[in-house]
Amino acid sequence: MSVGTNQLKDLLETCWRKQAEMVEHWHACEPMVDEKGFVGLALAQHLKNFQLWHVEDKARRTDVDGETIARCKRDIDRLNQERNDLIEEVDAWLVEAVLEFPAQRALVEHPVGARPVYNTETLGSALDRLSILSLKLFHMQEQTDRLDADWDHIQECRQKLSILQEQHRDLSQAILDLVEEYWLGTKVPKVYYQFKMYNDPSLNPELYVCSGVSGSPKE
């Protein structure tokens, strides 16, 4: 693929605009992703955060039985694994696109000898944070509109909403700044894999000890 810096910035801005739109839309109808291409991939990852948010809310109820909580916990584990897998897919797409930037190709073809400079957070991880922020913004806005809450609660939530809006603006700009750094070749992109161990029956000792799964250190 070949995209320029402005094209990639536009694509990323579309992603976080759609994140906000879909949070509202999914609360009104069956959550699903109709978009194609990279935006569709980013929204598929966003949907996992949407689903996680509501399962985690349910898991904190005190008026349900233990079986319901256990089911929520398993759903959380599954959704979190799917969420992280999709972050890695988003990052893989973005890294492939960024490595086509002229400055990045030049670094590969003519290494200058200096060590590569990486960002502390990938573009995919930053998009994931914006996804979560869009959920916080929606639900905090809901709190400011409650008719059954007292004035102090409303005011406190309005202050938090303002902070969340500022954080969303800051992170959005930081993403665009990072794309510019990639374009200039001052930083190099990379996919960082989570390698979640708790869901893997060959890596989680609580699973392989009791099941005898291949790969157990006890074999």
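The values are calculated or read from the model by the stated rules, or taken from the named source; none is laboratory data. Note that the coordinates shown come from a computational prediction; the quantities given were computed from them, not determined experimentally. Ideal geometry is used to build each Cβ from the backbone, glycine not excepted, and the neighbour counts take in all protein chains shown.
If residue 83 satisfies every condition in (1) surrounded by 15 or more Cβ atoms within 10 Å (Cβ to Cβ); (2) within 30 Å of residue 199 (Cβ to Cβ); (3) at pLDDT below 95 but one, which is the exception?
For residue 83, the failing item is (3).
Take the residues in region 134-167 that are assigned to a helix (DSSP H, G or I) and among the basic types (Lys, Arg), then tell me which one is farthest from residue 8 (Cα to Cα). Break it down into steps so the answer makes sense when it comes.
Here is the first cut: in region 134-167, the ones assigned to a helix (DSSP H, G or I) are 134-144, 151-167.
Filter once more, keeping what is among the basic types (Lys, Arg): 136, 158, 160.
Values: 136: 26, 158: 33, 160: 31 Å.
Here the residue is 158.
Please count how many residues of region 156-195 are closer than 30 Å to residue 140 by Cβ and basic (Lys, Arg).
Of the residues in region 156-195, 3 are closer than 30 Å to residue 140 by Cβ and basic (Lys, Arg).
Answer with yes or no whether residue 62 is assigned to a loop (DSSP other than H, G, I, E, B), of a type in the set (Ser, Thr, Tyr) and surrounded by fewer than 18 Cβ atoms within 10 Å (Cβ to Cβ). Working first, answer last.
On the way: assigned to a loop (DSSP other than H, G, I, E, B): yes; of a type in the set (Ser, Thr, Tyr): yes; surrounded by fewer than 18 Cβ atoms within 10 Å (Cβ to Cβ): yes.
Judged against the criteria, residue 62 is a match.
Restrict the check to region 85-93 and report whether at least one residue is more than 15 Å from residue 45 (Cβ to Cβ) and in contact (Cβ under 8 Å) with a residue 24 or more places away in the chain. Give the steps one after another, and end with the answer.
So the first thing to find is which residues in region 85-93 are more than 15 Å from residue 45 (Cβ to Cβ), and the list is none.
No, there is no match, as no residue in region 85-93 is more than 15 Å from residue 45 (Cβ to Cβ) and in contact (Cβ under 8 Å) with a residue 24 or more places away in the chain.
In region 144-178, which residue that is surrounded by 14 or more Cβ atoms within 10 Å (Cβ to Cβ) and of a type in the set (Ser, Thr, Tyr) is farthest from the chain's Cα centre (by Cα)?
Residue satisfying both the conditions and the ranking: 144.
Of the residues that make up region 42-52, is at least one surrounded by 14 or more Cβ atoms within 10 Å (Cβ to Cβ) and modelled with pLDDT under 95?
Let us first name the residues in region 42-52 that are surrounded by 14 or more Cβ atoms within 10 Å (Cβ to Cβ), namely 42-52.
Filter once more, keeping what is modelled with pLDDT under 95: none.
No: region 42-52 contains no residue that is surrounded by 14 or more Cβ atoms within 10 Å (Cβ to Cβ) and modelled with pLDDT under 95.
For residue 115, only one of the following conditions fails: (1) buried (at least 18 other Cβ atoms within 10 Å of the Cβ); (2) over 17 Å from residue 45 (Cβ atoms). What is its number?
All conditions pass for residue 115, except number (1).
Among the residues that make up region 132-143, is at least one of them surrounded by 11 or more Cβ atoms within 10 Å (Cβ to Cβ), of a type in the set (A, V, I, L, M) and modelled with pLDDT under 95?
Checked region 132-143: no residue is surrounded by 11 or more Cβ atoms within 10 Å (Cβ to Cβ), of a type in the set (A, V, I, L, M) and modelled with pLDDT under 95.
Condition check: aliphatic (A, V, I, L, M), within 16 Å of residue 43 (Cβ to Cβ) and within 10 Å of the chain's Cα centre (by Cα). Does residue 130 satisfy that? Working first, answer last.
Details: aliphatic (A, V, I, L, M): yes; within 16 Å of residue 43 (Cβ to Cβ): yes; within 10 Å of the chain's Cα centre (by Cα): yes.
So residue 130 fits the description; yes.
Identify, from the list 33, 39, 55, the residue that is of a type in the set (A, V, I, L, M, F, W, C) and not in a helix (DSSP H, G or I).
So the residue among 33, 39, 55 that is of a type in the set (A, V, I, L, M, F, W, C) and not in a helix (DSSP H, G or I) is 33.
Out of the residues in region 186-206 that are of a type in the set (D, E, K, R) and touching a residue at least 40 places away in the same chain (Cβ under 8 Å), state the one that is surrounded by the most Cβ atoms within 10 Å (Cβ to Cβ).
Pass one, region 186-206, residues of a type in the set (D, E, K, R): 187, 190, 196, 200, 206.
Next cut, touching a residue at least 40 places away in the same chain (Cβ under 8 Å) only: 187, 190, 196.
Working: 187: 18, 190: 13, 196: 14.
Step by step, filter region 186-206, then rank; the result is 187.
Within region 184-202, identify whether any single residue is part of a helix (DSSP H, G or I) and touching a helix residue (DSSP H, G or I) at 6+ places or on another chain (Cβ under 7 Å), and answer yes or no.
yes
Hey, residue 131 hits all of (1) touching a residue at least 60 places away in the same chain (Cβ under 8 Å); (2) among the polar types (S, T, N, Q); (3) in a helix (DSSP H, G or I); (4) over 29 Å from residue 104 (Cα atoms) but one; which does it fall short on?
For residue 131, the failing item is (4).
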